[in-house]
Amino acid sequence: MSGKIKSRSAANADSLSGSVSCDERILRDCHQIYIDADSGLITLAQSVGVNLLAPRKKITVMLMGNHSAGKSSFINWYVEEHIQRTGVAIETQGFSFVTSGRKRESLTGNATLHLYPHFKPLQEFKGVSEYLSTEICTSRQKRFSLVTFADTPGLVDGDMKYPFDVDQAILWLGNLCDLILVFFDPMGQALCKRTLNIVEMLNDCQGDKLRFYLSKADEAGSESDRQRVMMQIVQELCKRPGLNKCGFDMPTIYIPNPNKPSRCVNQIEEVCRTIEKTINQTVQNTLNSLEKDCELIVEAITDKLNTDRQNSVDNRRARCKGCVLGLLGFSVPLLLLALLVLGSLSREVLEMMLGEDGTDTLSLYLHQLYCCGGLVLLSFILLLLARLSFRTRSTLSGRQKRQLQEKLEYVQEVVKNKKKKLYEEYLRQSVADHDMD
């Protein structure tokens, strides 16, 4: 596939005029705080040697399971549009991302990686780039404006050949996703070993993200048939050491159809609540990360200013020490020179200047001086030490210190206040105003 963009007519563009939810606005504002060109935290942090990543504005929900497990059908039901192709055949052979936007579009190839730069490492899996696509629709149903669905290839056992290493690609993508929905269908493929193997590997490092569902539960026959299928799946999962845990939950779900009423309990709304809970947790994590990143920047700026202050003190001490050693180093040869000059004068002149005793004392010192070349060496050592002492550490200019101080005040007074207001806005959705005091 090429990286071209295939335009389609919007299905419900009018829905975009609807109000933006509180969570959506908070995530968008947090993202903007990081990426702002003039005063974004990423640029600010880089200037003090700290690397930050901007939070995403949506959560990523990955759907995986055997082929024809109902992954694409669930996405269509959630967004209330026919976005993904469905059917018994293996329709999804690559990775398809479904997200909300201003108009209906289909992105293929590299266009998907430009939209999701954090997914670019997928290119390292040979052949994956040609099987990446993105469906953008204008739906605002449920919480879709805050969700990007990642529809993965249907998994099968046997001789089925994939155009890339599907196991490793799914494992890599699972590490980046916020939620992983595993669909088991009751029509004979629920115990697909490839699916179970990938689930087991995902559970090792992403176990808290995994949620299991028996999809197409209305097609499983009677209630006893459904229970038997669920028991088989649970038993198979529990055979895997990492998946053998207490309280194993597998709700039964299916796509509601008014023309096909079913007595089977449909817990599909439970999936929506799980997505809702993940969104709420992501908002909290984003706000908490914003606070931690602010602390990192404040700490880095403070350390830099303190280091500069200490360097300035050390430099002053070094200069004072160098001056003292330099004076001592120069005083020794000056003293020698003075003694030599006095020694060159006649005895009569010296006796007139110093007296007889002073002249005898000077003669004694001059006699010893010629034998004390060590004084010359001492002078050389003192001058060398003075030169070494004058070596100072680099310090910040006045302008640089003012800029750092401005950045510090911006983070402490502006960004932290924004974060506080966003947190209050988030809490007001569920907490009474008098509880906020």
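Distances between placed amide hydrogens fall under 5 Å for Asp185 paired with Asn66, Ala190, Ser215, all partners being 5 or more residues away or on another chain. Packing, as the average of other Cβ atoms within 10 Å across residues, places the peptides 20-31, 60-71 in the order 60-71, 20-31, highest first. In straight-distance terms, cross-link reach from Lys407 covers every one of the lysines whose alpha-carbon lies under 23 Å from its own, apart from those fewer than eight places away in the same chain; here that gives Lys292, Lys304, Lys416, Lys418, Lys419, Lys420, Lys421. Each Lys or Arg adds one and each Asp or Glu takes one away; over the other residues whose Cβ falls under 13 Å from the Cβ of Phe149, this sums to 0.
For the residue pairs Lys57/Lys277; Lys126/Lys209; Lys161/Lys277, the alpha carbons lie more than 25 Å apart in Lys126/Lys209; Lys161/Lys277. Element breakdown for region 31-84 at a 1.4 angstrom probe: carbon and sulfur atoms account for 48% of the accessible area.
The values are calculated or read from the model by the stated rules, or taken from the named source; none is laboratory data. Here the structure is a predicted model, which is why all the values come from computation and not from measurement. Methodologically, a virtual Cβ is constructed for each residue, glycine included, from the backbone with ideal geometry; neighbour enumeration extends over all protein chains shown. SASA here: full protein model, heavy atoms, side chains in, ligands and nucleic acids out. Shrake-Rupley method; radii C 1.70, N 1.55, O 1.52, S 1.80 Å.
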